[in-house]
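Chemist: The following block contains the structure, expressed as structure tokens.
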Amino acid sequence: MPGRAAASARPYKVDASSPVDAGFHLPAATKQLANCGPESKASPDICPSRFLAPDTSTSCCHFTLLLAILQDGNPSRPYPFSTKPFLALPPRGRTNRDRLTQLDTARRPCQHRLPTYSPSLARAAACFVSSKTNNMPVNFEDPWFKGQEVSYNVSELQECAIAVDASYFLRQLLEQAENYNEPLLTALGGLTGIQARIQVELDNWLRNRTTPFFIFDGQPMVGQDEVTTKQGREIQKQTGVAWKLYSEGQAEAAVAAFGECASQGLYNIQALYPMLQDELRLRKLHFLVAPLNAAAQIAYLDMIDSDQCGGIMGPLELMLYPIQDTVIRSIDWTSNTCAAISKKNVMKVLNVSEPHFIDAFLMTGTPFLPPFPPLTDSTLVKSQPYNIVDAINMLRTADKSVTMVSTTFHDLIKNQDPTWLDKYRKAWMAVKHFVYIAESGEVKVHDADHLTNDNHEYLGLQIPWEMFHYLNTGLIGPRLLSWITHSQVYVLPTLDGSATEEYKKLVSSQLIPLEETALSLVLARLHRGIVYKDIKAKVWYDDSYSATVLDHRHEARTKTNYGVQMATWGVIKEADIKQHFPGFEHGSIFSEVHALTKPDFVKLTFAEQKNKARNVESASIIKSICLWRYLHIRGYIDDQHNLTNWGKALDRAMVALEPVVKKFPTVPYLYESVLVAMEMVRFGLLNGSLKVVEPLSLPMHGDDDDKSSLMLISRCATLLKLRHQANGYTGPLSKNLLTFHSLAGEVRSAERALMEAILASLFLYGQGQRKRDDSWELSHQLPFLFNPDVALGIAVKTYFDETINWNSEKEKTERLATFPDAFVPYSMAFSEDLEVACEFFEAVYAGLQTLDGQGISANDLKAWSKAKEYLAPRTLKDASGN
């Protein structure tokens, strides 16, 4: 930019002699530092009295951490490190930023696409809808900024690397892609064409000789879960309207309503991270996972004029930070143009200083701060939605002070959000002291010299640098870390919006022990200041609910010492494994389970002095150890490393499914889905219950036993994936199966947290080689990341819910031949997927039969038997009569 000096980044050194600096920063309350320093003399807007100025007489206020490649495998030293930074990115070509700052006088007009709809079909009580439609996206960002964007030719970006906010990139694909828009996202619980869209978009970057440098969000900011929950509940009301329209047969109106919900952010965009990261790794494109929000990391790269990128692309939130100036907002590869906005020009148009701009921007709301309540009141701000100009006008009437304007509207704020001012102050401080990974490989905080002693209030607890390293390299995800950082397990809103009794019991009771176990495995290696801090649980459907997941007295719900339990698993030589099982496939789950049916192999699994896990390098061995430890913790394996009753049931189910896995090698995650099915059965969720949230989407034909059997079969199918073309889904919907999908999603999420805790603990104890370049692959080849949509469950339910002569092979053949075109026209291989779904049910049934009534109620087992009888005449026989 013309006349701009590059910002300098002063390194903050770690005082290795200080146990605090070498570990992490304790909260002021824990360290009893409430009176360590004088109260800040800064503005009351940004530094309330409880925010303390840093006490320079002690080293405890240093927030700097060194992210290092950990080389010392000695378990007696939990945090060995070297000074070599892990973040060593190759130099990237830089654009001439001046080209983006010379603002065009010709501005692009704001254009909105009106929705168009494809024809819909109606069949009985079920409504058949198509997602081949264009819906005008609902923009959560301030629409005023759209008029400040300037158009450039994309040739300006050639031979450059652009730092891109990954969440923003993915949301744009969902909201703005004309041919890939999927309005039924919130009705399906997933996406059918997003992977193809990602590939097309990355191809466009390649053709333009521009390199995207993706930055992914890490842990959520303080307050972000609360904002997400509030927005999610509002969107759930809209999905309720959409489902009502669907039940009334108003297909086009239902699609439009679902489309608005899909574009407003109820779907967790981070669920698409593995898919995008996998594609980036295939293309050898570098990406980075930020410690907290991606916007702060991108702002740092822009602030120092980094060689890693020549421009930045992301949300308006970037303008909260000290960026150079220009933010790329969108790229239109068809017209070869990109839209960008200048922060300096925006402040010039608004006639405000940067602090005034930040105050007003925060008042309009961010992902971690709800909007200023008076702005949303139509009696005060006539033109809704409000924009930043309204916020600035309010500030100008109160001497540009957020505190004064809050006092003016005290009664309104007290009724709507009484703690808003405190939330604002935390957000302001979080923006001022944003956290980032420096190019040197250190995790730093901006303006650390003025960091207050109670920074845990707005930045969260500080975890050891080793955990940040695992987060950035993809070994673990941010969810488990956020539980520790914020001392809170937050259950976010579901897509279906149904808080059934089953759901409440699951998230408030049944999953708590899994979360407690996951936390205990990691906390055992962290500083005791964090170890002895209570961790609470919050849920989206009840603001008053609060439960303790882990208390500082460690009064565990189970007396099992999982650390000792896991230590019994030793390292088995690859040659010994191949000797017993030549076809052993590490990480398949089936191999790990079935191997324990052989007593001679079981003897090899025990840890002795010669085969204890120390600095294990093989990713294959690490995967197997993690799976055995998981199965042991979950009760599929006993302390003698033999299969329990549930372990034998799991093995029997997988043995039954093995021919199907070999017959359809391209159908993903079948063994993992069997494990999920078993977990769902153990939680009492995989059954044929007809107590549902939407009676109209129950099966229409047969008696109650037939309907119950079909519900059970279709719920099993919901755990699998319908292979679908890269098009928006077209077909029937089912809110009942979406509700079951939410239950399965919560189970998968808790199981994944436990799996990541097991993996992280292995490295924290020095049992795995820390210096490695396959951390992402190692983690993502372990189970519970796969979360399919409900399309196959709906298809199976619709297929069998028909009054034909199921004993006639001819009629069954005709039904199978005509069904896909009529009901799932974009399915790629429905007959194969149907066969897989039926065989999957049979396999799970075979496994449950081995329990002989132990661990499963007689009524549930009877329901499974009836479902098998229901399915038997409805499946096609092959040439051999099977």
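The values are calculated or read from the model by the stated rules, or taken from the named source; none is laboratory data. Quick caveat, the model's predicted, so the values are computed rather than measured. Don't worry about glycine lacking a Cβ; one is built from the backbone with ideal geometry, like all the others, and counts go over all protein chains shown.
Chemist: Check whether at least one residue in segment 447-457 is closer than 24 Å to residue 679 by Cβ and not in a loop (DSSP other than H, G, I, E, B), and report yes or no.
Modeler: Within segment 447-457, none of the residues are closer than 24 Å to residue 679 by Cβ and not in a loop (DSSP other than H, G, I, E, B).
Chemist: Give segment 693-727 a look and list any residue that's among the aliphatic types (A, V, I, L, M) and outside any loop (DSSP other than H, G, I, E, B), or say none. First the steps, then the outcome.
Modeler: Our first condition is that a residue be among the aliphatic types (A, V, I, L, M); within segment 693-727, this holds for 693, 696, 698, 700, 710-713, 717, 719-720, 722, 726.
Within segment 693-727, 696, 710, 711, 712, 713, 717 qualify.
Chemist: Checking residue 782 against (1) touching a helix residue (DSSP H, G or I) at 6+ places or on another chain (Cβ under 6 Å); (2) part of a helix (DSSP H, G or I), which single condition isn't satisfied?
Modeler: Answer for residue 782: the failing condition is (2).
Chemist: Could you run through segment 449-492 and say how many residues are over 21 Å from residue 524 (Cα atoms) and of a type in the set (A, V, I, L, M)?
Modeler: 4
Chemist: Looking only at segment 551-565, decide whether some residue is modelled with pLDDT of 90 or more, in contact with a Ser or Thr (Cβ under 9 Å, 6 or more places away or on another chain) and of a type outside the set (Val, Ile, Thr).
Modeler: no
Chemist: Would you check which residues across segment 429-445 are touching a helix residue (DSSP H, G or I) at 6+ places or on another chain (Cβ under 7 Å) and either free of Cβ contacts under 8 Å to residues at least 40 places away in the same chain or assigned to a loop (DSSP other than H, G, I, E, B) (or both) and list them?
Modeler: Once the filter is applied, which keeps residues that are touching a helix residue (DSSP H, G or I) at 6+ places or on another chain (Cβ under 7 Å) and either free of Cβ contacts under 8 Å to residues at least 40 places away in the same chain or assigned to a loop (DSSP other than H, G, I, E, B) (or both), segment 429-445 yields 433, 434.
Chemist: Looking only at residues in segment 126-167 that are of a type in the set (Gly, Ala, Ser) and modelled with pLDDT under 50, which one is nearest to residue 293 (Cα to Cα)?
Modeler: Taking segment 126-167 first, the residues of a type in the set (Gly, Ala, Ser) are 126, 130-131, 147, 151, 155, 161, 163, 166-167.
Of the ones still in play, those that are also modelled with pLDDT under 50 are 126, 130-131.
Working: 126: 42, 130: 36, 131: 32 Å.
That would be 131.
Chemist: Shifting gears a bit: Exactly one of these conditions fails for residue 496: (1) of a type outside the set (A, V, I, L, M); (2) touching a Leu at 6+ places or on another chain (Cβ under 9 Å); (3) surrounded by fewer than 22 Cβ atoms within 10 Å (Cβ to Cβ). Give me its number.
Modeler: (3)
Chemist: If you check every pair at least six apart or on different chains, which have Cβ atoms under 6 Å apart with a residue in segment 186-214 that is touching a residue at least 60 places away in the same chain (Cβ under 8 Å) first and a residue that is crowded, with 18+ Cβ neighbours inside 10 Å and of a type in the set (Asp, Glu) second?
Modeler: Pairs found: 188/789; 189/789; 190/789; 191/182.
Chemist: Could you grab me the full set of residues in segment 516-542 that are under 16 Å from residue 488 (Cα atoms) and modelled with pLDDT under 85?
Modeler: 529, 530, 531, 532, 533
Chemist: If you take the residues of segment 275-301 that are of a type outside the set (A, V, I, L, M, F, W, C) and surrounded by 24 or more Cβ atoms within 10 Å (Cβ to Cβ), which of them is nearest to residue 428 (Cα to Cα)?
Modeler: 293
Chemist: Just checking, which of 740, 763 is free of Cβ contacts under 8 Å to residues at least 60 places away in the same chain and either on the phi < 0 side of the Ramachandran plot or assigned to a helix (DSSP H, G or I) (or both)?
Modeler: Result: 740 is the single residue among 740, 763 that is free of Cβ contacts under 8 Å to residues at least 60 places away in the same chain and either on the phi < 0 side of the Ramachandran plot or assigned to a helix (DSSP H, G or I) (or both).
Chemist: Could you say which residue among 689, 673 is among the hydroxyl-bearing types (Ser, Thr, Tyr) and surrounded by fewer than 18 Cβ atoms within 10 Å (Cβ to Cβ)?
Modeler: Only one candidate qualifies: 689.
Chemist: Then there is this: Somewhere in segment 577-595, is a residue among the hydrophobic types (A, V, I, L, M, F, W, C), within 30 Å of residue 486 (Cα to Cα) and surrounded by 15 or more Cβ atoms within 10 Å (Cβ to Cβ)? Step through it out loud before you land on a result.
Modeler: Looking only at segment 577-595, we keep the residues that are among the hydrophobic types (A, V, I, L, M, F, W, C), and these are 577, 581, 584, 589-590, 593, 595.
If we keep only those that are within 30 Å of residue 486 (Cα to Cα) too, we end up with none.
The answer is no; no qualifying residue exists.
Chemist: So, in segment 441-492, exactly how many residues are closer than 14 Å to residue 530 by Cβ, buried (at least 20 other Cβ atoms within 10 Å of the Cβ) and small (Gly, Ala, Ser)?
Modeler: 2
Chemist: What number of residues within segment 238-258 satisfy the criterion of being among the acidic types (Asp, Glu) and either surrounded by 17 or more Cβ atoms within 10 Å (Cβ to Cβ) or more than 16 Å from residue 696 (Cα to Cα) (or both)?
Modeler: The qualifying residues number 1.
Chemist: Select, from 826, 765, 799, the only residue that is surrounded by 20 or more Cβ atoms within 10 Å (Cβ to Cβ), closer than 28 Å to residue 738 by Cα and out of contact with any helix residue (DSSP H, G or I) (no Cβ under 7 Å at 6 or more places or on another chain). Before you say what the answer is, go through the steps one by one.
Modeler: Values: 765 fails: closer than 28 Å to residue 738 by Cα; 799 fails: out of contact with any helix residue (DSSP H, G or I) (no Cβ under 7 Å at 6 or more places or on another chain).
So the residue among 826, 765, 799 that is surrounded by 20 or more Cβ atoms within 10 Å (Cβ to Cβ), closer than 28 Å to residue 738 by Cα and out of contact with any helix residue (DSSP H, G or I) (no Cβ under 7 Å at 6 or more places or on another chain) is 826.
Chemist: Okay, next question. Can you give me the number of residues within segment 769-800 that are over 26 Å from the mean Cα position of the chain (by Cα) and modelled with pLDDT of 95 or more?
Modeler: 6
Chemist: Let me ask something additional. Of the residues 698, 719, only one is closer than 22 Å to residue 660 by Cβ and either at pLDDT 95 or above or over 23 Å from the mean Cα position of the chain (by Cα) (or both); which?
Modeler: On the way: 698 fails: closer than 22 Å to residue 660 by Cβ.
Every option except 719 fails the conditions.
Chemist: Scanning segment 829-872 for residues that are under 30 Å from residue 724 (Cα atoms) and of a type in the set (Val, Ile, Thr), which turns out surrounded by the most Cβ atoms within 10 Å (Cβ to Cβ)?
Modeler: 844
Chemist: Now for a separate question. Quick check on this structure: which one of 612, 663 is over 28 Å from the mean Cα position of the chain (by Cα), modelled with pLDDT of 90 or more, surrounded by fewer than 22 Cβ atoms within 10 Å (Cβ to Cβ) and basic (Lys, Arg)?
Modeler: 663
Chemist: Within segment 800-818, is even one residue in contact with a strand residue (DSSP E or B) (Cβ under 6 Å, 6 or more places away or on another chain) and either closer than 24 Å to residue 688 by Cα or not in a helix (DSSP H, G or I) (or both)?
Modeler: Looking for residues that are in contact with a strand residue (DSSP E or B) (Cβ under 6 Å, 6 or more places away or on another chain) and either closer than 24 Å to residue 688 by Cα or not in a helix (DSSP H, G or I) (or both), one finds none in segment 800-818, hence no.
Chemist: All but one of (1) out of contact with any Gly (no Cβ under 8 Å at 6 or more places or on another chain); (2) more than 29 Å from residue 474 (Cα to Cα); (3) surrounded by fewer than 15 Cβ atoms within 10 Å (Cβ to Cβ) hold for residue 668; state the number of the condition that does not hold.
Modeler: Here residue 668 clears every test but (2).
Chemist: Also, quick follow-up: If we scan segment 216-229, do we find a residue that is outside the structural domain of residue 720 (by TED's automatic domain parsing), of a type outside the set (A, V, I, L, M, F, W, C) and closer than 26 Å to residue 255 by Cβ?
Modeler: Checking segment 216-229: at least one residue is outside the structural domain of residue 720 (by TED's automatic domain parsing), of a type outside the set (A, V, I, L, M, F, W, C) and closer than 26 Å to residue 255 by Cβ.
Chemist: Condition first: assigned to a helix (DSSP H, G or I), of a type in the set (Phe, Trp, Tyr), modelled with pLDDT of 95 or more and not assigned by TED's automatic domain parsing to the domain that holds residue 246. Can you find one or more residues in segment 671-683 that meet it? Quick ask: steps written out before the conclusion?
Modeler: Our first condition is that a residue be assigned to a helix (DSSP H, G or I); within segment 671-683, this holds for 671-682.
Retained after the next criterion (residues that are of a type in the set (Phe, Trp, Tyr)): 671.
So of that shortlist, the ones also modelled with pLDDT of 95 or more come out as 671.
Now restrict to residues that are not assigned by TED's automatic domain parsing to the domain that holds residue 246: 671.
Within segment 671-683, one or more residues are assigned to a helix (DSSP H, G or I), of a type in the set (Phe, Trp, Tyr), modelled with pLDDT of 95 or more and not assigned by TED's automatic domain parsing to the domain that holds residue 246.
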